[in-house]
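Notes for the one structure printed next.
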Amino acid sequence: MNDIVIIGGGLGGLFSGALLSKQGYKVCVLEKNTTIGGGLQTFKRNGFVFDTGMHVLGGFQKGGTLNKICTYLDIMDKLSIRDEDEECFDTITYLSDNKTYKIAKGKDNFIKTLSTYFPNEKNNLINYVNKLYDLTQEVDFFYLRKGSDNIFSHSEQFLWPADKLIDYYIKDDKLRDVLGYMNPMYGGVKGHTPAYVHALINVLYINGASRFNGSSQQLADNLSKTIKDNGGEVYSNCGVKQINVTDRHINYVVTQNDEQFVAKKYISSIHPCSLLQLFSDKKAFPKSYRDRLNEIPNSYSAFSVFIVFKDKTFPYINHTCYYQEDYGMVWKHGEYEKDAWPKGFMYVTPPQKEQDNYAQTMIINCIMSFNQVKQWENTTVGKRGQDYIDWKQKHINLVLDKMEILHKGFRNCVKYVYACSPLTIRDYYNVKQGALYGFRKDCQNIVLSQVPIYTKIDNLFLTGQNINLHGICGVPLTAVNTVEAIVGENKLVEKINKKYKELYGND
């Protein structure tokens with residue numbers, strides 16, 4: 001008998017488990033994959049380790065929300081993290097005019113740097129950035145404050161489309177495009193993505209961007225250790241295949257190994273649509289609830305290229321790089337055109353623990369709709385056929401062609417190349433259509449895209465990127481909300497802030 005069984009050992013499940021174990025609960029986490037961590041998990045090829053997600057971090061700066069949560073869990077000092085360059089934490093390069101824009105850390109520097117490229121827009125930039133910060137102040141849990149985050153108790157612009165917010169404050173078309181550059185970090189869609197999502201992600205990184213030295217797996221491992229040190233368990237290769245329920249109450253779950261796990265309460269951190277398929281009683285949830293979950297649009301997926309460089313041939317870049325084919329395409333990355341793909345992408349050179357001037361690896365993420373791999377949707381890893389292999393190679397070459405334009409001689413630096421498609425993301429993360437960010441938040445129908453932590457099952461709670469916010473900051477914050485649904489509202493937030501204040505004062 002456990003106090004809590006958590007279905008899914010991704011970022012949300014591990015943070016929920018670590019926070020609950022810290023409160024004295026006996027926690028058991030069940031993960032279907034060999035490696036725990038979800039978006040934190042890594043894979044190894046030819047002796048080189050690659051992150052599958054979490055390539056850029058926000059919130060780990062001193063005073064940041066992730067810093068506070070990890071400090072509370074006593075793991076912040078165990079993480080090896082490298083800050084990106086303050087004067088340039090991002091660059092956006094446009095091929096059409098060979099122009100590169102540098103983005104500086106900090107609210108004032110962000111405005112100052114962009115004003116050098118668009119001097120006539122300085123006052124507009126000030127008003128726009130101030131509005132971004134104002135919108136984030138409306139979300140109490142983003143700052144680990146007590147309060148209510150009712151989606152309908154906010155200002156008018158909170159639920160505007162993100163592109164409308166930019167256009168309202170900014171008049172220069174090129175600057176409008178530049179300011180939308182982060183939309184691949186949150187699944188941005190023109191006319192649909194709410195302004196508050198755009199604001200939260202932008203402010204998170206403007207305040208300071210970081211990277212894991214070595215790999216993101218270190219966070220998953222430290223969260224797992226916290227759970228085990230407090231008497232809990234974390235099992236890999238132990239996915240849940242069935243949930244036994246009576247009268248909307250879970251009795252136990254059955255794993256792939258035909259083992260039964262029993263608890264007083266259960267938390268699911270997997271995609272809600274994947275969760276529905278596990279119930280022995282298909283009527284455990286009302287039909288209206290099941291239909292609603294299946295109707296929510298999912299965010300787009302990605303085609304990712306993983307590169308190993310020849311020794312000392314390509315420089316290490318301590319910032320994130322964004323590429324755009326031309327202005328006016330920043331909101332169209334999810335649209336696939338056979339002869340014009342990719343329209344843009346993000347690439348990083350992950351740092352090693354003892355990083356020198358040269359990069360060992362590179363990860364390139366290109367937005368891609370699941371529709372592009374739909375013909376192979378009923379296949380499994382390693383059994384998709386030669387036509388799929390040829391398709392992947394074709395798209396690898398398209399990406400390398402763009403990199404060759406951006407960095408002359410790039411192909412000569414490459415030693416090994418690997419790639420994954422939306423199918424890979426779907427199968428490894430167990431997410432519908434390989435959605436990078438789970439359910440898409442849609443300001444045109446915000447009620448549809450809001451999935452509460454509480455469910456019609458009296459001892460089942462939800463967490464993860466489909467609830468509230470996605471990403472390295474949003475998922476742990478959602479875990480805090482989920483835990484508070486069990487331990488009491490604002491009790492955990494109070495403890496997190498109290499410990500941080502005792503250690504660092506009001507910094």
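The values are calculated or read from the model by the stated rules, or taken from the named source; none is laboratory data. All of these numbers come straight from a predicted model, not from anything done at the bench. Here the Cβ is made from the backbone with ideal geometry for all residues, glycine too, and neighbour counts use every protein chain on show.
The table for this structure:
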item	result
Helices (runs of 4 or more DSSP H) within region 165-253 that include 1 or more residues acidic (Asp, Glu)	173-179, 217-229
Residue 302 in contact with a helix residue (DSSP H, G or I) (Cβ under 9 Å, 6 or more places away or on another chain), of a type in the set (Gly, Ala, Ser), within 28 Å of residue 466 (Cβ to Cβ) and assigned by TED's automatic domain parsing to the domain that holds residue 429	yes
Residue, surrounded by the most Cβ atoms within 10 Å (Cβ to Cβ), within region 423-461, restricted to residues that are under 30 Å from residue 359 (Cα atoms) and either polar (S, T, N, Q) or out of contact with any Lys or Arg (no Cβ under 9 Å at 6 or more places or on another chain) (or both)	436
Region 376-401 residues that are closer than 17 Å to residue 362 by Cα, paired with ones that are outside any helix (DSSP H, G or I) (beta carbon under 6 Å, 6 or more apart)	395/303; 396/305; 396/417; 396/419; 399/305; 399/364
Cβ pairs under 9 Å, 6+ apart, first in region 222-238 and without any contact (Cβ under 8 Å) to a residue 40 or more places away in the chain and closer than 17 Å to residue 24 by Cβ, second in a loop (DSSP other than H, G, I, E, B) and among the aromatic types (Phe, Trp, Tyr)	none
Boolean, residue 210 is at pLDDT below 95 and touching an Asp or Glu at 6+ places or on another chain (Cβ under 6 Å)	no
Hits in region 248-284 (condition: free of Cβ contacts under 8 Å to residues at least 40 places away in the same chain and β-branched (Val, Ile, Thr))	254
Filter result for residue 332 (out of contact with any Asp or Glu (no Cβ under 8 Å at 6 or more places or on another chain), charged (D, E, K, R) and over 27 Å from residue 370 (Cβ atoms))	no
Residue ID - modelled with the lowest pLDDT, chosen from residues in region 134-149 that are assigned to a loop (DSSP other than H, G, I, E, B) and closer than 21 Å to residue 192 by Cβ	149
Odd one out for residue 123, checked against (1) at pLDDT 95 or above; (2) farther than 28 Å from residue 447 by Cα; (3) of a type outside the set (Ser, Thr, Tyr); (4) surrounded by 15 or more Cβ atoms within 10 Å (Cβ to Cβ)	(4)
Per-region count, region 297-326, residues of a type outside the set (Ser, Thr, Tyr) and under 30 Å from residue 374 (Cα atoms)	12
Every residue from region 105-117 that is surrounded by fewer than 19 Cβ atoms within 10 Å (Cβ to Cβ) and closer than 16 Å to residue 181 by Cα	113, 117
Number of positions in region 266-288 that are out of contact with any Leu (no Cβ under 9 Å at 6 or more places or on another chain) and either polar (S, T, N, Q) or not assigned by TED's automatic domain parsing to the domain that holds residue 20 (or both)	4
Residues located in region 150-184, provided they are without any contact (Cβ under 8 Å) to a residue 24 or more places away in the chain and of a type in the set (D, E, K, R)	156, 167, 176
When residues of region 290-311 are limited to those that are part of a helix (DSSP H, G or I) and among the basic types (Lys, Arg), the one farthest from residue 331 (Cα to Cα)	290
Residues located in region 62-92, provided they are surrounded by fewer than 16 Cβ atoms within 10 Å (Cβ to Cβ) and either within 20 Å of residue 180 (Cβ to Cβ) or among the basic types (Lys, Arg) (or both)	62, 78
Single residue of 12, 58, 8 found to be crowded, with 24+ Cβ neighbours inside 10 Å, in contact with a Phe, Trp or Tyr (Cβ under 8 Å, 6 or more places away or on another chain) and in contact (Cβ under 8 Å) with a residue 60 or more places away in the chain	58
Filter pass, residue 479 being farther than 13 Å from residue 271 by Cβ, surrounded by fewer than 24 Cβ atoms within 10 Å (Cβ to Cβ) and of a type in the set (A, V, I, L, M)	no
Answer residue from region 357-379, given it is surrounded by fewer than 17 Cβ atoms within 10 Å (Cβ to Cβ) and in contact with a strand residue (DSSP E or B) (Cβ under 8 Å, 6 or more places away or on another chain) and is farthest from residue 402 (Cα to Cα) among those	357
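Per-residue answers, yes or no, for (1) among the polar types (S, T, N, Q); (2) modelled with pLDDT of 90 or more; (3) more than 21 Å from residue 51 (Cα to Cα); (4) surrounded by 15 or more Cβ atoms within 10 Å (Cβ to Cβ):
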{"position": "318", "(1), (2), (3), (4)": "yes, yes, no, yes"}
{"position": "338", "(1), (2), (3), (4)": "no, no, yes, no"}
{"position": "341", "(1), (2), (3), (4)": "no, yes, yes, yes"}
{"position": "344", "(1), (2), (3), (4)": "no, yes, no, yes"}
{"position": "355", "(1), (2), (3), (4)": "yes, yes, no, yes"}
{"position": "381", "(1), (2), (3), (4)": "no, no, no, no"}
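Per-residue answers, yes or no, for (1) under 27 Å from residue 421 (Cβ atoms); (2) surrounded by fewer than 20 Cβ atoms within 10 Å (Cβ to Cβ):
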| site | (1), (2) |
| --- | --- |
| 285 | no, no |
| 288 | no, yes |
| 291 | no, yes |
| 296 | yes, no |
| 300 | yes, no |
| 304 | yes, no |
| 311 | no, yes |
| 315 | no, yes |
| 324 | yes, no |
